[in-house]
Every structure is written in structure tokens, then in C-alpha cells.
Amino acid sequence: MLNGVEWGEYRLGDLFDINNTLSFNTDKLVDGDEYDYVTRTSTNQGILKSTGFVNKENINEAGVWSLGLLQMDFFYRKKKWYAGQFVRKIVPKIKLAPRVIPFFTAVLNHQKPILLSVLVRNVDDIFKNLKVKLPVKEGKLDFDFMESFIVELEAERIAELSAYLKISGFNNYELSAQELEALESLKTISWDEYRIGDLFDKLKTKKLPYKAKKLPTSPTGKNILPCLTSSFQNQGLNYYAPIDGATVLKNVITIPQNSDVYRAYYQPKDFTVLSDAYAIDWIYDDCKLTRNQYLFMVMCINKVTDLPIYSYKNKLGGWNVVKDKYISLPKANGKIDLDFMNHFISAIIKLAIKEVVIYTDEKIKVTKQVTAARKDTKAGILNQPFTYEEVIEHDTLMVAEESLYNK
């Protein structure tokens, strides 16, 4: 689609203003969700939490980008927001239709490596003088191309999501009688306490001769096996090592032993242990736990490990500590009620995925309408209202950025 596109060079300062924001700390936040509280973090679109009305003078308008000066990530702000420290506001000088927003977000975020290499005090001047290439037609910005480019990318992402939901069985969100019963009986079922060390045992793994910082953060060459560390991001799997010489595990639970957050995770796919974490497996009986049962167990374990009292300074400790902690599990007829766990987690998954399925179905309908309309007429169709949800938008932006800068 990029073949034959004409490109023009533009100075960012001619397209956007970069402004300081008035800031306050989290102790000023109040109950409510009318406004986003945006910080310099790169997670959750820069949103630390929501808040009600704090004051008028600190409110930032919607329809702009926030720029966190820690990671230099640009996030488009769809609602009014307040800012924490070290956050800039990127205000467009030109009128932008909703559908071109993801295109410009990709363009802005492509400047991240440059902005990370300069001092914070110089960011404003560097930003204004950066030059970017944008599609043009007859000497003007080609918004029609940008819009159609994003529409087609989004259609591809929606199709992939729809196929995944169908293959995984997540496209059916109707609760069965057993799932409804599990939800309704949560407060009335019997529970009993079990020592974690009687339920699980720590798995032995080979020590690997690698340092995390020297390993790639994506599969590269022979480095294709995910490695577990104490990180709580991406379930602790943020590096990749060779399979040779590694202990390959899957369908187990992992727990960090030297971290700021002691959160357990179920690991359904192949991985190995690198450092500061360990894996445990079910030993209580001969039952082979299902995914849903593992997920239920993880929730119960985290009720005694993933607590704010534990940190780097006040460590939880390793398996020698965790194995002696007790967790509550549902019980029926004198045994751990594994069937209840299955049905309960299945119900939660369906409730969580319901909105995604409905959203996907609606987007497919809209995409078909857009495609049909574009065949009939190319005029005006791209100015119809369109909504971008964050899950699909994130994937679309990644592909857009790769496409634009690998053309």
C-alpha cells in the first residue's frame, strides 16, 4: 500500500506545540473517574489511575498527546486529564480527523530514540526541530491516504483477533448452567486451608550461564526460549536464551524470590528459569490440573504472597518460606473441589471476554460497511465517525510504525 506514495518533510514544531503541564502528586487525587491522572510511566497509556474533579487550573484538554519524560512515550488523550511531574502536552496546530490520530501517534513515537538521547531540559527544542516524513498529495498532507491506511491495518488486526477468538473457543460467551451455579455458590461453598508445600513442590532447574541484561528481549537467532526472572512484567518472561542446556518447563506456577512484587503466575508455555524466581508443580494427588485450576490456584497463592507488606527491603523469601504458608481452597465431599475451580474460572473468562467478542463483531460489521462504501464512492466515506479501542489500537500502531519506517 505504501508503493507509489509521495512523501514530504515537515518540522514537528510547525505541526505541534509542546507545552508544560501543571502537576500535583497522588495525594491530591479524589474519588471518581471523570479524569485520567497521567504520569511519566509507559504502562497503561501513561494513566496511573482515574480521579474526580481536583481543580480547574490543572485540567488538560482532550484531543492532545501526553509525553512522559521518563520513557518518552506519546499517548493520545481521549478525555480530560491531570498530570503528574515531568509530563509534557503535545497540542496539534492542524485539524486532525479521528482516523488519522493513530497515524500521527506512530509518527510521534518513532522519535522516541532521539528524545531519549538528549537531556530533559532540551527536549522541547529538540522536539520542535525534528523533521518527519508524511504522505503528501499535490503539495498538501494526504489525510485520505493516512485514514485509509489505518482503516486497512485495523481491519487486518480485527480479522486476526476474530480468528483467535474462534480457534480458542472464546467467541462463545454464554454461561453454562454449571458456570452460573459456580458464580452463584461462591459465597456459600465450603473452604479449607492447605499448606502450600503439601500441594506443590519446587522444581529443580539447571543454572544457566547468562546475565539477564546481556540477553535479547525478543526471540533472536538461537535465543528463542523465554527466561523467567523476578520481574512482574509479562509474567516474568522478558528475556530469551538458547534451548541447549536449559531446563524447559510448562504448565507450572512461578513465583519470584527476590522482587518488589511477589506475584505468582501460571505458565502454560515453554520457558526456563534464569534468576531470582522458581517454579512449583502440583504434588497433592495424581490429578493433572487444567489451565483453569492452575489459574484458580494462582489467585489463592497471591492472596498470601502478593501483598504490599513485601518489597525489596522487606522480602517475602524463597520456597523455604512460601511452602509453609496456608491458602484457602474450595472443598466438596472432603476433597479439594477442582470441578468448582474449572467452572468458576471458565465463567470469569467468558464475562471478561464478552465485551471483546461484541466489540469484534461490531467492528467487523463496520469494516464491511466501510469497504462496501469505498467501492461505491471514495468521497466522504473516510470522514465517518470511528472509534479506536486501546487493545486494537496498540497493535495497529505497532504495525503502522513498522510499515512507515521500513518502507
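The values are calculated or read from the model by the stated rules, or taken from the named source; none is laboratory data. Since the model is a prediction, treat every value here as computed from it, not as a measurement. Because the Cβ atoms are built from the backbone with ideal geometry, glycine has one as well, and the counts that use them run over all protein chains shown.
Structure above, values below:
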quantity	calculated
Pairs, first outside any helix (DSSP H, G or I) in segment 284-306, second of a type in the set (Ser, Thr, Tyr), C-beta under 6 Å, six or more apart	ASP306/TYR262
Qualifying residue in segment 53-74 (condition: touching a Lys or Arg at 6+ places or on another chain (Cβ under 9 Å), farther than 24 Å from VAL123 by Cβ and assigned by TED's automatic domain parsing to the domain that holds PRO135)	yes
Residues satisfying the stated conditions in segment 260-274, i.e. touching a residue at least 40 places away in the same chain (Cβ under 8 Å) and either touching a strand residue (DSSP E or B) at 6+ places or on another chain (Cβ under 8 Å) or not assigned by TED's automatic domain parsing to the domain that holds ILE196 (or both)	TYR262, ARG263, ALA264, LYS269, ASP270, PHE271, THR272, VAL273, LEU274
Test: residue in segment 219-226 that is at pLDDT 95 or above, within 24 Å of ASP260 (Cα to Cα) and surrounded by 12 or more Cβ atoms within 10 Å (Cβ to Cβ)	yes
Qualifying residues in segment 152-173 (those that are surrounded by fewer than 16 Cβ atoms within 10 Å (Cβ to Cβ) and not in a helix (DSSP H, G or I)) - the one modelled with the lowest pLDDT	GLY169
Of all residues making up segment 13-27, the number that are in contact with a strand residue (DSSP E or B) (Cβ under 8 Å, 6 or more places away or on another chain) and either surrounded by fewer than 15 Cβ atoms within 10 Å (Cβ to Cβ) or more than 11 Å from GLY84 (Cα to Cα) (or both)	8
Meets criteria (within 24 Å of VAL123 (Cβ to Cβ) and in a helix (DSSP H, G or I)) for GLN45	yes
Number of positions in segment 110-151 that are part of a strand (DSSP E or B) and in contact (Cβ under 8 Å) with a residue 60 or more places away in the chain	8
Of the criteria (1) over 30 Å from PHE271 (Cβ atoms); (2) surrounded by 16 or more Cβ atoms within 10 Å (Cβ to Cβ), which one LEU180 fails	(2)
Residue match in segment 76-85 (condition: assigned by TED's automatic domain parsing to the domain that holds ASN20, within 18 Å of the chain's Cα centre (by Cα) and not in a loop (DSSP other than H, G, I, E, B))	yes
Identity of the residue in segment 322-347, within 32 Å of the chain's Cα centre (by Cα) and polar (S, T, N, Q), that ends up surrounded by the fewest Cβ atoms within 10 Å (Cβ to Cβ)	SER328
Condition met for GLU34 (among the charged types (D, E, K, R), in contact with a Ser or Thr (Cβ under 8 Å, 6 or more places away or on another chain) and loosely packed, with under 15 Cβ neighbours inside 10 Å)	yes
